[in-house]
Amino acid sequence: MTTRKEHWEKVYQTKTSREVSWTQELPKTSLDFVHSFHLPKSASIIDVGGGDSKLVDYLLDEGYVHISVLDISAKAIEKAKQRLGEKANQVTWIVSDITEFHPEESYDCWHDRATFHFLTGADEVNSYLITARKAILPGGGMIIGTFSDKGPKTCSMLDVHQYTEEELKNELSNGFEKIKCITEDHITPFNTTQNFLFCSFRRKSRND
């Protein structure tokens with residue numbers, strides 16, 4: 001049986017960015033949510049499942065200096081490094097399955113547009129949320145982009161979990177307070193439509 005890591009390594013070894021559905025030239029919604037937190041340029045930001053996403057490019061161009069990108073696929077991160085060239089040296093790159101990630105630092109902002117909906121088991125979701133609660137500083141921001149209940153049921157030949165706003169809010173209620181949710185249609189490189197749910201949350205303090 002193919003492991004999750006083997007699956008994603010094969011995807012990034014065999015497909016170009018124009019051949020995968022999640023590619024965005026401009027990750028506008030993600031950037032809008034990051035901007036909504038009014039972070040200083042010194043803020044610590046992690047893009048979970050960032051892989052070959054161009055979010056890191058825009059954050060670097062805007063002057064953020066403490067960016068981490070995590071992905072299960074070493075090949076995806078290699079592609080991002082090649083694209084960024086010398087700028088890649090300004091980024092902390094982490095090759096890890098998010099359910100096995102043990103962060104060595106804390107973050108002001110956690111962004112994930114790629115990973116959460118692939119976690120279809122309760123144990124996987126629980127591991128993810130335990131890590132997020134440990135990693136995000138009290139008062140810090142979290143951005144989750146998942147497939148909505150009107151989105152696809154599978155992606156990259158894998159089952160996904162579709163979320164409603166209420167379900168995502170309830171899933172994160174232990175440790176996080178919802179700020180805002182929107183839905184939007186993502187137009188894939190091959191001109192199909194995927195409906196996403198994007199929500200921002202605030203990490204509660206220990207006393208909340």
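Of all residues in segment 89-135, those satisfying the criterion of being hydroxyl-bearing (S, T, Y), at pLDDT below 95 and farther than 25 Å from D57 by Cα are T99, T120. The residue pairs whose first member lies in segment 71-94 and is part of a loop (DSSP other than H, G, I, E, B), whose second member is exposed (fewer than 14 other Cβ atoms within 10 Å of the Cβ) and of a type in the set (S, T, N, Q), and whose beta carbons are closer than 9 Å, counting only pairs six or more residues apart or on different chains, are S73/Q13.
For the residues V34, V20, the requirement of being among the β-branched types (V, I, T) and at pLDDT below 70 singles out V20.
Of all the residues in segment 117-172, those that are surrounded by fewer than 13 Cβ atoms within 10 Å (Cβ to Cβ), in a loop (DSSP other than H, G, I, E, B) and among the hydroxyl-bearing types (S, T, Y) number 1. Restricted to segment 59-70, and to residues there that are over 18 Å from I144 (Cα atoms) and outside any loop (DSSP other than H, G, I, E, B), the residue that is farthest from the chain's Cα centre (by Cα) is D61.
Which of the residues belonging to segment 102-116 are crowded, with 18+ Cβ neighbours inside 10 Å and either closer than 20 Å to K5 by Cβ or over 14 Å from the mean Cα position of the chain (by Cα) (or both)? Listed by number, the residues that qualify are D108, D112, R113, A114, T115, F116.
Close contacts from segment 154-183, counting a first residue that is on the phi > 0 side of the Ramachandran plot and a second that is in a helix (DSSP H, G or I) and modelled with pLDDT of 95 or more, with Cβ to Cβ under 7 Å and a gap of 6+ residues or different chains, come to G175/R133.
Scanning segment 48-70 for residues that are of a type in the set (S, T, Y) and without any contact (Cβ under 8 Å) to a residue 60 or more places away in the chain, we see that the one that is surrounded by the fewest Cβ atoms within 10 Å (Cβ to Cβ) is Y58.
Within segment 136-162, take every residue that is hydrophobic (A, V, I, L, M, F, W, C) and in contact with a strand residue (DSSP E or B) (Cβ under 8 Å, 6 or more places away or on another chain) and give me the one that is modelled with the lowest pLDDT. The residue in question is C155.
The values are calculated or read from the model by the stated rules, or taken from the named source; none is laboratory data. Bear in mind that the values here come from a model prediction, so they are computed numbers and not experimental data. Quick reminder, even Gly has a Cβ in these numbers, built from the backbone with ideal geometry, and neighbours come from all protein chains shown.
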